[in-house]
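The values are calculated or read from the model by the stated rules, or taken from the named source; none is laboratory data. Model, not experiment: these values are computed from the prediction. Counting neighbours? That spans all protein chains shown, and the Cβs are built from the backbone with ideal geometry, glycine included. Side chains included, ligands, DNA and RNA excluded: accessible areas come from the protein's heavy atoms. Shrake-Rupley method; radii C 1.70, N 1.55, O 1.52, S 1.80 Å.
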Amino acid sequence: METPTVEPNSAMPENPQKEHQWLQKLVGEWTYETEVRMESEHSIEKATGTEHVRSLGGLWIVAEGQGEMPGCGAATTIMTIGYNPKNQRFMGTWVGSMMTYLWLYDGELDASGNSLILYSDGPSMSGEDTLAKYKDVIELKSNNHRVMTSHVLNNDGQWHQFMTVNYHRR
């Protein structure tokens, strides 16, 4: 039987980088208000909830949300985000109790250092059995306020913002 190869230092503790420290700004207890633009640009659904964000070893954050999801009712969501210094990219996951799809994130900080842009592929909102390109942008407005916007890439190559979530520290 062959012994599996292990990446050098893969079991050694990692030291948090500045990108890990950026993620730690999200740690805490939050309330949120969501606005989702439905099919018609004039139709907006709103919902509220809470989110608990904890640190995992100073290298990851784990965010668990509880509340209403527009169009779905009560929902629980879990997001994980970390940073890989080897490829200099953020990565993470998102799951929700209202769907069976596991969203995989790949991202980067914007030039200002105030916004984390997370890209993902996910189920198309068109109702077709296809995947679409999405991006979530987490912008730090202050230590006690952050905004996440969600966008889908339209057929014309333009990003369409369909959701805004305002988080306020409790």
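In region 26-134, taking the dipole from charged Cβ atoms about the Cα centre, the farthest positive-side position among W103, G49, L131 is held by W103.
Once you have the Cα-Cα distance between E14 and M91, take 0.36 nm times their residue separation minus that, and quote the gain in nm to one decimal. Before the final figure, lay out each step's value.
Details: separation 77, 0.36 × 77 = 27.72 nm, distance 1.60 nm.
So the chain would gain 26.1 nm between E14 and M91.
Once the convex hull of all Cα atoms in the chain is built, its volume per residue stands at 161 Å³.
Along the Cα-to-Cβ line of R54, 7 Å from the Cα, sits a label point; which residues in region 150-170 have backbone N less than 18 Å from it? So the set is 170.
Go ahead and estimate [θ] at 222 nm for the chain from helices alone: -39,500 (n - 2.57) per DSSP H run with n ≥ 4, summed, over the residue count, rounded to 500. Intermediate results must be reported in sequence, preceding the final value.
Values: 1 runs with 7 residues, N = 170.
Result for the chain, helices only: -1000 deg cm²/dmol.
For Y32, the solvent-accessible surface with a 1.4 Å probe is about 30 Å², rounded to the nearest 10.
Full extension of the chain between L104 and M125 yields a length gain of 5.8 nm, computed as 0.36 nm times the residue separation minus the alpha carbon distance. Relative contact order of region 21-170, taken over Cα pairs closer than 8 Å and 6 or more residues apart, is 18 percent. The figure for L109 is an accessible area of roughly 50 square angstrom, using a 1.4 Å probe on the protein chains alone. By the rule of a C-alpha distance below 18 Å, with chain neighbours fewer than 8 residues away ignored, the lysines paired with K18 are K86. Kirkwood's formula applied to the C-alpha pairs of region 81-145 gives a hydrodynamic radius of 13.3 angstrom. The gain in end-to-end length when the V147 to E29 segment is fully stretched comes to 41.0 nm, 0.36 nm per residue minus the alpha carbon separation. The HN-Hα couplings worked out from phi for region 58-75 by the Karplus form 6.51 cos²θ - 1.76 cosθ + 1.60 (θ = phi - 60°) are x, 10, 10, 10, 10, 10, 10, x, 9, x, 8, 10, x, x, 10, x, 5, 8 Hz, whole numbers, x standing for Gly and Pro.
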